[in-house]
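A short worksheet on the structure shown next.
Each reported figure results from applying straightforward, stated rules to the coordinates on display, with no laboratory input. Please read all numbers here as calculations on a predicted model, not as lab measurements. Cβ: placed from backbone, ideal geometry, glycine included. Neighbour counts: every protein chain shown.
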RNA sequence: GGGAGCGUAGCUCAAUUGGCAGAGCAAUGGACUCUUAAUCCAUAGGUUGAAGGUUCGAUUCCUUCCGCUCUCACCA
């Protein structure tokens, strides 16, 4: 038979690719299509493992199993002359295949020489245990399905380089099992969430992602710009789903949710990706109190479903999601911090007293942007109290000032506050919810204030959405709504420090031209 | 955008005061019918992110640029 090795062959990446191409060519010459199709793959490694986990070697000898047909990536090859051990990795995991020359035949065994690590291969044979007890497939057939031209990263350390892991996620997924697990958990999180809401009579809906300029509100953020050619229309990518979902509440759907991508033209860091996933849900005739109960039930159930426990490790801490979650009053805690009596006391605090607690430049600078008592309360909370929130429990922060809550309903018993909460866990905001503002005239006034803010140069101010006012004028039932950050929850349930570890293809700067 | 750090073989990592750029895995050839980070023998693989500078000599020192990480700013 023809010899592949070339004298003077090197092992630069180009040479390795060329060698593998030559192997593919040799297989073609022997009638094997290195990129064939139509191979039935009736089983998975998981099926074999589940069926024979408790069978010992003797049992498998006495009771011959059926022949299993498996396909996957060749992750290891250990050749011992006329016997070879291969590890095949499919969606369920890895399984060893024991290939003996006298079982597969001389010709098939010879073709093994054309198999490289990383190739996609098919194996057929009964279940057995090797001398060391490892459950294996004793191959009666082993063949190439797809030739890999590039070598896999090292088997022991896997792919470590963070940048390559994100840019070439296919390699990361192929060789790093914990990455597969993280995205499995993300999928379980999303399907569990859907199930939870569906069971409670919420209707899943889809609203536009392309927003006309006047629609791109619902949050304080800068949008991405785009353009529709046929209509010659400037459009923006949505920064929230809020305003469309509330229109559906006006329309009488009563319970709706949208799970989807939103886009914010802002900085990128460990907790922020320009496109990310939220679920927003709105429930007519509910209050923010109802949503607090719903949230702690939902998140604790998801923790259990996704991770198998209600107490989940995150970055060195253990977070116990069991309800009820501790509640922290923003207004009360800030008043207590300053030793004054409630909102009345805080309103009388001079700026010098507010700043007395801040000894660093940066919070002092931020304070100059706080133009109302409410904004100062929020500043003090974020600066001094938020970092002290318990790390072993999620927390609800309640009693938000109206000045920092432009879409929330004023509280009847205390008009300086709104019926709103945010949920925090692992040092991150994971949810924001409130009883919705449904007074069209009040909403008009708040839009107007936003337009004025925009005129003053606030690039994150919302536009005046005339049609949304028209919708509210038709009457929106008293409603509570909430937004949950799916990526943040995925981080918490996978113990990921970076949002990029739970987004398959995070946004990166373009890669340099050279190199392959 | 500011600050700090990192970038060496396909992968994971070394390289002394600035003195011939190395190892393991992967690859190639050979031996081996129960290995599992297989083992053994042999071989080959480098624009040290890019460009420039200092120097007899630069992976090492300097400048600029590119990318990534952390951090600050920004950010419901």
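Figures for the structure shown
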read-out: Mean-position separation - Cα centroids, the range A:387-404 and the range A:7-67, in angstrom; value: 54 Å
read-out: With 10 Å bins from 0: P(r) over the range A:13-152, alpha-carbon pairs, percent; value: 12, 43, 33, 10, 2
read-out: Relative contact order (percent, whole number), chain A, Cα cutoff 8 Å, 6+ residue spacing; value: 12 percent
read-out: Kirkwood Rh in Å, taken over all unlike Cα pairs in chain A; value: 27.2 Å
read-out: The range A:209-285 - Kirkwood radius from inverse mean 1/r over Cα pairs (Å); value: 13.5 Å
read-out: Cβ-Cβ FRET estimate between residue A:102 and residue A:28, R0 fixed at 25 Å, reported to 0.05; value: 0.40
read-out: Sorted by Cβ neighbour density within 10 Å, fewest at the top, the residues A:241, A:130; value: A:130, A:241
read-out: For a label point 7 Å along the Cα-to-beta-carbon line of residue A:315, residues of the range A:454-490 with backbone N under 17 Å; value: A:485-490
read-out: Proxy reagent accessibility, fewest Cβ within 10 Å first, across A:405, A:146, A:413; value: A:413, A:146, A:405
read-out: Cα gyration tensor, the range A:232-340 - rounded (a/c under 1.5), prolate or oblate; value: rounded
read-out: Helix-only CD estimate at 222 nm, as mean residue ellipticity for chain A, using -39500 (n - 2.57) per DSSP H run (n ≥ 4); value: -10000 deg cm²/dmol
read-out: Pairwise centroid distance, computed over Cα atoms, of the range A:106-177 with the range A:200-263, Å; value: 45 Å
read-out: Order of A:11, A:300 under a 10 Å beta carbon neighbour criterion, fewest first; value: A:11, A:300
read-out: In degrees, nearest ten, helix A:288-307 long axis to first principal axis of chain A (Cα); value: 10 degrees
